[in-house]
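Starting off with a structure, shown below.
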There are 2 protein chains.
Amino acid sequence: MIKRKSKISNFAERVVGQSMFKILGKAKDLEIKGKDLIHFEIGDSHLEMPTEVKKSAMKALYNGRTHYGDSRGEHILRVAIQKAVKEDFKFTPSLSQVVVTSGANPLIYYVMAVLVNPGEEVILTDPAFVTYNAVLDMLKIKGVHVPVTHKNNFNFSPKEIEKRITKKTRLIVINSPSNPTGAVYSESDIRKIYALAKKYNLYILSDEIYASMVYEGKHFSAGVMDKCKERVIMTNGFSKPFAMTGWRVGYAIGPEEIIEKIALLSQTIVSCVPPFLQDACVIALSQRHEFSKRYFKEYKKLREIACRELGKVKQFEFSKPKGAFYLMIDVSRTGMDGDKFTKYAMERHGVVVCPGSGFGSGGKKYIRICYAASEKKLIDGCRRLKRAAERATKK
Amino acid sequence: MIKRKSKISNFAERVVGQSMFKILGKAKDLEIKGKDLIHFEIGDSHLEMPTEVKKSAMKALYNGRTHYGDSRGEHILRVAIQKAVKEDFKFTPSLSQVVVTSGANPLIYYVMAVLVNPGEEVILTDPAFVTYNAVLDMLKIKGVHVPVTHKNNFNFSPKEIEKRITKKTRLIVINSPSNPTGAVYSESDIRKIYALAKKYNLYILSDEIYASMVYEGKHFSAGVMDKCKERVIMTNGFSKPFAMTGWRVGYAIGPEEIIEKIALLSQTIVSCVPPFLQDACVIALSQRHEFSKRYFKEYKKLREIACRELGKVKQFEFSKPKGAFYLMIDVSRTGMDGDKFTKYAMERHGVVVCPGSGFGSGGKKYIRICYAASEKKLIDGCRRLKRAAERATKK
C-alpha cells in the first residue's frame with residue numbers, strides 16, 4: 001500500500017468556497033430547529049425576475065433548444081451583447097471578443113487562471129468580493145491589497161495602486177459598483193487606473209455586475225478606454241441586474257486571444273451554457289433599460305430605508321453606498337468584531353448578516369448586509385440589528 | 001513598461017478544449033458557404049428530451065425557483081439521487097456523499113483537481129474521452145495510458161493496469177460504457193480493478209454517463225464495492241441518458257470529504273446549478289427506467305444499422321460496440337490516418353466525423369462517429385463514408 005500525507009490534493013487544501021454560503025448553511029440549520037430568521041447575508045434579490053424573460057425561456061425549452069450549444073455562447077446572444085455594448089459604451093466589440101459563461105462568477109476564476117501565473121500578483125481592494133480572494137488562494141496568486149475604508153467611501157486610490165505595482169503585477173481588479181462596499185469609483189479615478197495599467201503593461205478586470213445600480217454619480221467602464229481590445233476584460237451577467245441569480249448566465253468582453261482561451265477553459269470545464277436560457281437572455285438584454293428601471297427604483301428606496309434605520313444605531317458606522325445593494329457596517333463600537341457580531345446577531349437576535357472577514361482581513365471589523373429585501377423585512381431586520389448592537393455593547 | 005514572454009499564463013497555454021467542438025466549428029463554416037453536411041461528430045442525440053421534464057422545468061421557472069440555490073445541489077434532487085442509487089445499486093449514500101454539478105463533464109476537472117497533484121499519475125485507456133486528457137494536460141498531471149484496440153473490443157485489462165502502477169499513481173479512470181470506444185467492461189474485470197485500487201490505495205473515477213445504454217452484457221459499477229465511501233467516485237448526469245445535453249446537470253457520489261471539496265470548488269467557480277432545472281431533474285430520475293427504455297430501443301436499432309452499413313466498407317475495421325452510441329473505426333486501410341480521413345470526408349463527401357487523435361495518440365488511426373441520428377441521415381451518412389473510403393483508397 002502506498003501511503004500519502006493527505007487524501008486530497010494540495011490544490012484542494014486551498015479550496016474554501018464563499019463565506020456567505022457557509023453562513024446560509026448555519027442559518028438553515030437553525031431554521032430547521034424552529035428559529036425565526038431574517039436573511040441579509042446573500043446577494044440575492046427579494047424581487048422576481050422579469051416574466052417576459054421566463055416566458056421566452058419556456059418557449060425555447062419547448063422548441064427543443066436543449067442540445068449542446070456553442071461553447072463561446074450562442075451566436076444570437078453574442079450579437080445581442082455586441083449591440084448592448086455598442087449602445088451603452090459607444091464601441092462595437094467583434095464577436096470574437098465576446099464569450100458567454102455560467103454566470104459572471106466563473107469569469108473571476110477564468111480570467112485569473114488565463115492571465116496570471118502562480119506567484120505573480122493581482123492588485124485589488126481589501127475588503128473585496130469573496131470569490132476574488134478564494135480564487136487567488138486556489139491558484140497561488142498573490143493578492144496585493146489596497147486597504148479601503150468607510151471613512152472615505154471605500155475609495156480605491158490610483159496613487160495607492162501605483163505604490164503597489166511590482167515586476168510581478170499582472171492585473172488590477174476594478175469592481176465598480178463594488179461588492180461588498182457599494183463604492184462607485186469616479187470616471188477620473190478609473191481613467192487614472194487605466195493609465196497605470198497602460199504604463200506598466202497590466203490587465204484590468206472590470207467587474208460590472210452592479211453597473212445598473214448606481215444611485216449617485218454615473219457608471220464608468222475602463223472598457224471604453226481600449227474598447228476591450230488590449231488590456232481590459234469587462235465582465236457582467238444577468239444575475240444581479242435582473243434578479244436572475246439562479247440562472248447562471250454571464251459574459252465577458254475582452255481582447256480576442258484572451259476571450260478565446262476563456263472560452264476553451266469554459267468548454268473544458270462546463271462544455272456550454274444552456275441554449276434555451278441564452279435565447280431568453282436576449283430578451284433580457286433588449287429590454288434591459290425598462291427592466292433595470294423597476295429594480296433600480298426599488299433598490300434605491302430600500303437603500304434609503306436601510307440607511308435611515310441603521311443610522312439610528314449609534315454603535316454602527318458606515319458611509320452611504322453609491323451603488324449595488326449592500327451596506328458595509330463597522331461594528332467595532334459594539335465591542336465585537338464582525339465574526340462575533342454575526343454569530344451573536346443570528347443566534348440571539350434572529351438576523352443573518354455576512355461577516356466582513358470573508359472579504360479579506362480589512363473586513364474584520366465590518367458586517368455586510370444585502371438590503372434587497374421587502375420593506376417590512378428590511379425594517380424588522382434593521383431593528384433586530386439595532387437591538388443586537390445595543391445588547392452587545394452592554395455585555 | 002514591464003515586458004513578459006507571453007500575454008497569457010502558462011496554464012492557459014495548456015488549455016486546448018475539446019476536439020469535436022473544433023470540428024463542429026469548421027463544419028459550420030463550410031455550411032455557411034452552402035455545403036450540405038451530415039453530422040456524426042458530436043455526442044448528442046437526434047431525439048428530444050422527455051416532455052414531462054420540460055413541463056416540470058417550466059413550472060419551477062414560473063414558480064420563481066430562479067434564485068441562488070445550495071451549491072451542493074438542491075436538497076430535493078440530492079434525495080432523489082440517493083433514492084435512485086439505492087434502487088439501482090442496492091446501497092444508500094448519505095446526502096453528504098452526493099453533489100450536483102453543471103453537467104458530468106465538470107466532474108472530470110473537479111475530481112482530478114481535488115485528488116491529484118501536478119506530477120502525479122492517473123491511469124486511463126488510450127483512446128479515452130477527450131476531456132480526460134485535456135484536464136490532465138491543464139493540471140500537469142501525468143496520464144499513464146493503457147492502449148486499447150478494436151481487436152479485443154477495446155478491453156481495459158487489469159493486468160495491464162497493474163503493470164503501470166507506480167508510487168505516483170493516484171487514480172484509475174473507469175468509463176464503462178466508454179466514450180469513444182463503446183466498450184463495456186465485465187463485472188469480473190471491474191472487480192479486479194477495484195481490488196488493485198484497494199491494494200495500492202488508489203481512487204477510482206467511475207464515469208457512468210452511458211450506463212443506461214448497454215446493449216450486450218450488464219452495467220456494473222465499481223461504486224457498489226465500497227458504497228462510494230472509501231475510494232470510488234461515481235459520476236453521472238442527465239445529458240446522455242435523457243438527451244438533455246444542453247441542460248448541464250450532472251452529479252457525483254463519493255466519499256464525504258472528497259464530495260465536500262468538489263462542492264466547494266464548484267461553489268467557487270459556478271456558485272450553483274439552476275434550481276428550476278434541478279427540480280425538473282427529480283422528475284427525470286423518478287421516471288428514469290421508462291424514459292431510458294425509449295432511448296435505448298432507438299439507439300439499439302441505430303447501432304444495428306450503423307454496423308450493417310459500415311460493415312459493407314472493406315476499408316473499415318471495427319468491433320461492434322456493446323454500449324454508448326459511438327463507433328470507433330480503424331480507417332488505416334484507406335491509406336489515410338483519422339485526421340486526414342476526417343478532413344477528406346467532410347470537405348469532399350459531406351460527412352462530419354470526429355478524428356480519433358482527439359482521444360489520444362492511440363486514436364490516430366481511428367475516426368469516431370456518433371450514430372444517434374435519424375435512420376435516414378444515418379444511412380445516408382454511412383454511404384457517404386463508404387464512398388469516401390473507396391475514393392480515398394484509390395488516391
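For the residue pair residue A:13 and residue B:7, what label-to-label distance in nm results when each label sits 7 Å from Cα along the Cα-to-beta-carbon direction?
Output for this residue pair reads 3.6 nm.
A further question follows. Once the piece of chain linking residue A:32 and residue A:90 is laid out straight, how much longer is it, given 0.36 nm per residue of separation minus the C-alpha distance between them?
Details: separation 58, 0.36 × 58 = 20.88 nm, distance 5.11 nm.
This chain segment gains 15.8 nm when fully extended.
Net charge within 12 Å of residue A:230 by Cβ-Cβ distance, Lys/Arg positive one each and Asp/Glu negative one each, not counting residue A:230 itself? Before the final figure, lay out each step's value.
On the way: positive: A:198, A:227, A:229, A:231, B:7; negative: A:226, A:256, A:257.
Net of charged neighbours comes to +2.
At a probe of 1.4 Å, how much accessible area disappears from chains A and B on forming the pair, both sides counted, to the nearest 100 Å²?
6600 Å²
Per DSSP H run of at least 4 residues, take -39500 (n - 2.57); add these up for the protein assembly as shown, divide by its residues and hand me the 222 nm value, nearest 500 deg cm²/dmol. Write down the numbers at each step before the final one.
Details: 28 runs with 343 residues, N = 790.
Calculated at 222 nm, the ellipticity per residue is -13500 deg cm²/dmol.
Net charge near residue B:45, counting Lys/Arg +1 and Asp/Glu -1 over other residues with Cβ under 9 Å of its Cβ?
The answer is -2.
Something else about it: Can you work out the PRE-style zone for residue A:387? Point 7 Å along Cα to Cβ, and I want the residues of segment A:353-369 with backbone N under 19 Å.
A:353-354
Past 21 Å, Cα to Cα, is the threshold; run A:54/B:293; B:28/B:301; B:365/B:394; B:312/B:376; A:86/A:322 against it and keep the listed order.
Values: A:54/B:293 31 Å; B:28/B:301 28 Å; B:365/B:394 18 Å; B:312/B:376 17 Å; A:86/A:322 25 Å.
Beyond 21 Å between Cα atoms: A:54/B:293; B:28/B:301; A:86/A:322.
For the pair residue A:376 and residue A:320, what calculated FRET efficiency results from E = 1/(1 + (r/R0)^6), where r is the Cβ-Cβ distance and R0 = 30 Å, to the nearest 0.05? Write out the running numbers ahead of the final one.
Values: r = 22 Å, r/R0 = 0.74.
With a Förster radius of 30 Å, E is 0.85.
Whole angstrom only: what separates the Cα centroid of segment B:148-166 from the Cα centroid of segment B:4-75?
The distance from the Cα centre of segment B:148-166 to that of segment B:4-75 comes to 32 Å.
Among the listed pairs B:90/B:240; A:7/B:140; A:192/B:261, which have their C-alpha atoms separated by more than 29 angstrom in this model? Don't skip to the answer; put the middle values down first.
Values: B:90/B:240 23 Å; A:7/B:140 19 Å; A:192/B:261 40 Å.
Pairs exceeding the cut-off: A:192/B:261.
Is chain A best put as rounded, prolate or oblate by its Cα gyration tensor, with a ≥ b ≥ c the root eigenvalues, rounded for a/c under 1.5, and otherwise prolate when a/b is larger than b/c, oblate when not?
Values: a/c = 1.42, a/b = 1.27, b/c = 1.11.
Cα axes put chain A in the rounded bin.
With every protein chain kept in place and ligands, DNA and RNA left out, what is the accessible area per residue of segment B:265-311? Probe 1.4 Å, answer in Å².
Details: 1560 Å² over 47 residues.
For segment B:265-311, the per-residue accessible area is 33 Å².
For chain A, what's the relative contact order in percent, using C-alpha pairs closer than 8 Å and at least 6 residues apart?
Numbers: 786 pairs, mean separation 94.7, N = 395.
Contact order relative to length: 24 percent.
Around residue B:154, under 13 Å between beta carbons, what's the net of Lys plus Arg minus Asp minus Glu among the other residues?
Values: positive: B:151, B:320, B:322, B:368; negative: B:126, B:160, B:189, B:317, B:330.
Once positives and negatives cancel, what remains is -1.
Here's something else I'd like to know. For A:12-21, what's the mean count of beta carbons from other chains sitting within 10 Å of each residue's beta carbon? All intermediate terms of the calculation are to be shown ahead of the outcome.
Values: counts 13, 2, 0, 13, 5, 10, 5, 0, 1, 10.
Other-chain Cβ atoms within 10 Å of each residue's Cβ, averaged: 6.
Tell me which aspartates and glutamates have Cα within less than 20 Å of residue B:199's Cα, excluding those fewer than 8 residues away on the same chain?
B:120, B:121, B:160, B:162, B:187, B:189, B:226, B:230
I would also like to ask the following. Order of B:67-78, A:320-331, B:292-303, A:194-205 by packing, highest average Cβ count within 10 Å first?
Final packing ranking: A:320-331, B:67-78, A:194-205, B:292-303.
The values are calculated or read from the model by the stated rules, or taken from the named source; none is laboratory data. These numbers come from a predicted model, not from an experiment. FYI the Cβ positions are ideal-geometry reconstructions off the backbone, even for glycines, and counts take in every protein chain you see. For accessibility, only protein heavy atoms count, side chains too; no ligands or nucleic acids. Shrake-Rupley method; radii C 1.70, N 1.55, O 1.52, S 1.80 Å.
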